[in-house]
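Report on the structure given below.
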Amino acid sequence: MATHLSTEKKPAEGRKHQNMQNDTKASQGQWGRAWEVDWFSLASILFLLMFAPLIVYYFIIVCAQYQCSLTDPLLDLLTGNKHLSDIWNSTPTLTYRAAVIYSLWVTFQVVLYLFIPDFCHKFLPGYVGGVQEGAVTPAGVVNKYEINGLQAWIITHVLWFANGFCFHFFSPTIIFDNWIPLLWCANILGYAVSTFAMIKGYFFPTNAKDCKFTGNFFYDYMMGIEFNPRIGRWFDFKLFFNGRPGIVAWTLINLSFAAKQQELYGQVTNSMILVNVLQGIYVLDFFWNEAWYLKTIDICHDHFGWYLGWGDCVWLPYLYTLQGLYLVYHPVQLCTAHAVGVLMLGLLGYYIFRMTNHQKDLFRRTSGNCRIWGKKPQYIECSYTSVDGTKYHSKLMTSGFWGWARHFNYTGDLMGSLAYCLACGFEHLLPYFYIVYMTILLTHRCLRDEHRCSSKYGKDWKRYTAAVPYRLLPGIF
């Protein structure tokens with residue numbers, strides 16, 4: 001589905017820019033959303049529009065009504081023990097309390113995003129925050145962003161813990177206690193912002209030259225029309241909805257699940273602690289590198305539609321937190337060896353993910369004039385021609401982690417994803433949805449990215465794949 005923290009990235013590449021105008025034309029020719037829709041793309045989009053919301057509903061309901069068994073509701077329906085109406089009638093409805101909670105939450109994140117300039121970059125060495133420039137859009141626009149996600153995360157969590165330990169304005173189990181009513185609120189926002197973005201693209205786009213219309217309503221609604229829809233100068237739909245409210249909420253949701261486990265069983269299991277810690281590290285990494293996120297495909301190439309709007313509001317917070325939800329219903333106390341193994345796998349996966357991306361960033365910033373693992377990096381000189389006939393030169397790194405596999409950052413990501421699942425034991429399949437989903441998602445991204453690179457670099461890409469023959473797993477794939 002939509003946004004994931006390890007958002008799609010091109011191979012480790014350094015490029016010589018000739019001028020902004022030509023770079024814009026190059027990006028128009030090589031990247032971006034489709035102009036025309038083939039039948040397979042349309043079928044895929046219709047499938048997602050129809051079934052993605054049902055998938056989220058199904059996973060949440062099997063936890064609430066079937067103790068996290070993925071098969072029991074299907075068996076009930078097939079044997080006639082229950083009808084769909086029985087399951088639906090047992091589902092909590094939208095409540096006024098949930099609507100107030102969700103409205104206050106989103107409003108609070110808007111305030112943190114728009115009205116409190118970043119101060120973290122002034123005292124945290126190495127952190128890049130404040131006003132930063134994004135990449136050049138196809139229309140030649142360079143948007144500016146207020147990078148303050150880390151600050152928003154810190155303020156939010158300081159207030160959360162202050163409430164839990166001092167003020168007691170609300171119970172720390174408030175998210176779990178309203179989980180399904182909040183799902184309806186998240187859906188309302190997801191559909192509302194996606195629909196608004198489409199209408200805005202037609203009638204009052206931020207930049208008309210950065211819009212794409214295929215003439216197919218479903219594709220345009222799903223994949224978006226506007227490249228960077230904004231309200232005013234600073235409210236950027238992509239940056240806000242990807243990072244706030246969804247990802248800031250991720251760690252709060254896990255904390256609420258831990259609080260519910262404490263309330264129900266009198267303790268927080270080591271598996272719940274592992275899920276909170278490992279996913280918390282991942283979320284913090286995203287906000288620490290939020291300025292770097294401006295250079296990823298989500299911001300640089302994807303348009304804003306239902307795929308990002310609804311996905312960030314619903315899919316991300318509800319399905320990326322399944323491990324914590326499962327552990328509320330099935331508390332698992334791991335043996336020491338199992339717990340240490342999960343922790344080591346998660347930390348190793350994060351190390352690979354972070355260091356692989358660091359090597360790529362260093363290589364790009366220095367155009368290869370750096371040292372990777374104590375040596376000058378190896379690379380392949382590539383060239384490509386933009387739509388206006390201008391020739392460009394690039395360097396694709398073939399050493400360091402990028403010499404092991406062409407998308408080794410995804411390998412680290414998958415290791416971390418597997419660690420989250422293994423923390424939940426082996427009693428049910430539900431916690432393992434995440435690793436299955438991430439494997440499909442990242443494999444598809446590898447293939448999609450490489451198709452673009454093959455079209456872009458031609459024979460030079462074949463030289464690169466010969467030098468680095470594996471995509472994700474050295475010696476295997």
*asked:* If I go through region 287-306 residue by residue, how many of them are assigned to a helix (DSSP H, G or I) and either open to solvent by less than 10 Å² (accessible area, probe 1.4 Å) or under 26 Å from F59 (Cα atoms) (or both)?
replied: 7
_Residues within region 81-130 that are assigned to a loop (DSSP other than H, G, I, E, B) and among the polar types (S, T, N, Q), tallied_ = 5
*Those residues that are part of a loop (DSSP other than H, G, I, E, B) and among the charged types (D, E, K, R), I need them from region 386-401; list them, please.*
D388
*Determine which member of the set L278, L348 is over 30 Å from I225 (Cβ atoms), under 23 Å from the mean Cα position of the chain (by Cα) and open to solvent by 40 Å² or more (accessible area, probe 1.4 Å).*
L348
*When region 427-440 is examined, which residues are found to be among the hydrophobic types (A, V, I, L, M, F, W, C), surrounded by fewer than 19 Cβ atoms within 10 Å (Cβ to Cβ) and in a helix (DSSP H, G or I)?*
F433, I435, V436, I440
*asked:* Residues that are touching a Pro at 6+ places or on another chain (Cβ under 7 Å) and at pLDDT below 95: does region 39-52 have at least one?
replied: no
*Starting from residues that are part of a helix (DSSP H, G or I) and touching a residue at least 60 places away in the same chain (Cβ under 8 Å), keep the ones in region 62-80 and report whichever is surrounded by the fewest Cβ atoms within 10 Å (Cβ to Cβ).*
A64
*Spot the failing condition for Q261; the list is (1) open to solvent by 40 Å² or more (accessible area, probe 1.4 Å); (2) assigned to a helix (DSSP H, G or I), and only one is missed.*
(1)
*Could you please let me know if I225 is open to solvent by less than 10 Å² (accessible area, probe 1.4 Å) and touching a strand residue (DSSP E or B) at 6+ places or on another chain (Cβ under 9 Å)?*
yes
_Criterion (within 19 Å of L104 (Cβ to Cβ) and not hydrophobic (A, V, I, L, M, F, W, C)) met by exactly one of T173, T195_ = T173
*asked:* Given the criterion polar (S, T, N, Q), at pLDDT 95 or above and within 21 Å of A259 (Cα to Cα), identify the matching residue among T336, T321.
replied: T321
*Would you mention how many residues in region 116-129 are more than 15 Å from A291 (Cα to Cα), surrounded by 10 or more Cβ atoms within 10 Å (Cβ to Cβ) and aromatic (F, W, Y)?*
0
_Can you confirm whether A139 is open to solvent by less than 70 Å² (accessible area, probe 1.4 Å) and modelled with pLDDT of 95 or more?_
no
*Name the pairs whose Cβ atoms lie under 6 Å apart, with the first residue in region 204-233 and small (G, A, S), the second assigned to a loop (DSSP other than H, G, I, E, B), and 6 or more positions between them or separate chains?*
G224/H303; G224/F304; G224/G305
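The values are calculated or read from the model by the stated rules, or taken from the named source; none is laboratory data. The structure presented is a predicted model; accordingly, all values stated were derived computationally and were not measured. Cβ atoms come from the backbone with ideal geometry, glycine included; neighbour counts cover every protein chain shown. Heavy atoms of the whole protein, side chains included, go into the accessibility calculation; ligands, DNA and RNA do not. Shrake-Rupley method; radii C 1.70, N 1.55, O 1.52, S 1.80 Å.
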